[in-house]
Amino acid sequence: MKFTIAIDGPAAAGKGTLSKAVANHFGFAHLDTGLLYRAVGAAVLAGQDPHEAARNLDPTTMNTTALRTPEVAQAASKVAADAKVRAILLDFQRAFATRAGGAVLDGRDIGTVICPDAHVKLFVTASPEVRAHRRFLELTSKGMDVSLETVLADVKARDARDRDRATAPLVAADDAILIDTSDMDIETAVQNAIDVINQKRGTI
Ligand code: CDP
């Protein structure tokens, strides 16, 4: 059985938590596509060529903790504007999306470019302040020394860059279902997503 769920949205909207919970609930595999761009961004910060880094990426050996910093996030959104980097990473994501057993992919362009035929498309968002506050709590709980102001600036700068780029900009697909989590806790957001997916599954 192939079933693809695309979850897109702006920086720190809670896509990761939501995607993991949804994948867990349905027994599907999960791919955080942001990590691919973060890994290429980190390689560029270390002096590598972005295209070379994208070609040599091994998604099974990514150091997820080191990739979570705001510096790497900024570098990721810069390399993500490079059409060639995006093209190199496309096949891996598409193959993941159509694997047997179902897949959940989260990112910016999953419903629009990577999986335009996804069975379910969700666009998860929240106000910049709410997103920055959540990300601030997440990073500081991991022992990272960041301020709320820096995190808010990072979120806003990435949103602007991701929305304004020419290739695969951050935008909700026409057929995506919007989930605004500004006034919602994560349990409610997960339940909303599960309800939407169950409805779609019932009609397929
Ligand atoms: O977790 P957060 O929402 O902060 O970011 P992420 O999903 O890890 O993505 C990091 C950066 O990678 C984003 O700001 C985008 O520039 C880029 N990205 C992208 O362009 N396309 C994707 N499918 C996923 C991430």
| What distance in nm separates the simple spin-label points at residue 174 and residue 99, each placed 7 Å from Cα in the Cβ direction? | 3.2
| said: Cβ neighbours within 10 Å, averaged per peptide: list 56-62, 188-194 in order, most packed at the top. | reply: 188-194, 56-62
| said: Only four residue types carry charge here, +1 at the Cβ of Lys and Arg and -1 at the Cβ of Asp and Glu. Report the dipole size of the stretch 49-147 about the Cα centre in Debye, rounded to the nearest 20. | reply: 220
| Size of charge dipole - the chain - debye, nearest 20, with Cβ of Lys, Arg +1 and Asp, Glu -1, no other charges | 420
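By accessible area of protein heavy atoms, probe 1.4 Å, what ranking do 117, 185 get, highest first?
Numbers: 117 140, 185 85 Å².
Result of the area sort, largest leading: 117, 185.
Calculate, for the stretch 53-204, the solvent-accessible area per residue in square angstrom, rolling a 1.4 angstrom probe over the heavy atoms of the protein chains.
Counting only protein heavy atoms, the per-residue value for the stretch 53-204 is 50 Å².
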| query | Taking a probe of 1.4 angstrom, what is the accessible area of residue 137 in Å², to the nearest 10? | reply | 90
| When each of 78/156; 121/156; 2/84 is checked by Cα-Cα distance, pairs over 19 Å | 121/156; 2/84
| task | Quick one: grab the alpha carbon gyration tensor of the chain, order the square roots of its eigenvalues as a ≥ b ≥ c, and give me rounded if a/c is under 1.5, else prolate or oblate depending on whether a/b is larger than b/c. | result | oblate
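222 nm [θ] for the chain, helices only, -39500 (n - 2.57) per DSSP H run of 4+, per residue, to 500? All intermediate terms of the calculation are to be shown ahead of the outcome.
On the way: 8 runs with 104 residues, N = 204.
The helix contribution divided over the chain gives -16000 deg cm²/dmol.
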| message | So if each residue of separation counts as 0.36 nm, and I subtract the Cα-Cα distance between residue 90 and residue 184, what length gain in nm does that give? | response | 30.6 nm
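So for the chain, averaging the separation of alpha carbon pairs under 8 Å that are six or more residues apart and normalising by length, what relative contact order in percent results? Kindly include the intermediate steps, with their values, before the conclusion.
Numbers: 324 pairs, mean separation 68.0, N = 204.
Reported relative contact order: 33 percent.
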| FRET efficiency, residue 119 to residue 150 (Cβ-Cβ, R0 41 Å, nearest 0.05) | 0.60
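The values are calculated or read from the model by the stated rules, or taken from the named source; none is laboratory data. Note that the structure is a prediction, hence the values are computed from the model and not measured. A quick note on method: Cβ atoms are made from the backbone with ideal geometry, for glycine too, and the neighbour counts reach across all protein chains shown. Accessible surface areas use protein heavy atoms only, side chains included; no ligands, DNA or RNA. Shrake-Rupley method; radii C 1.70, N 1.55, O 1.52, S 1.80 Å.
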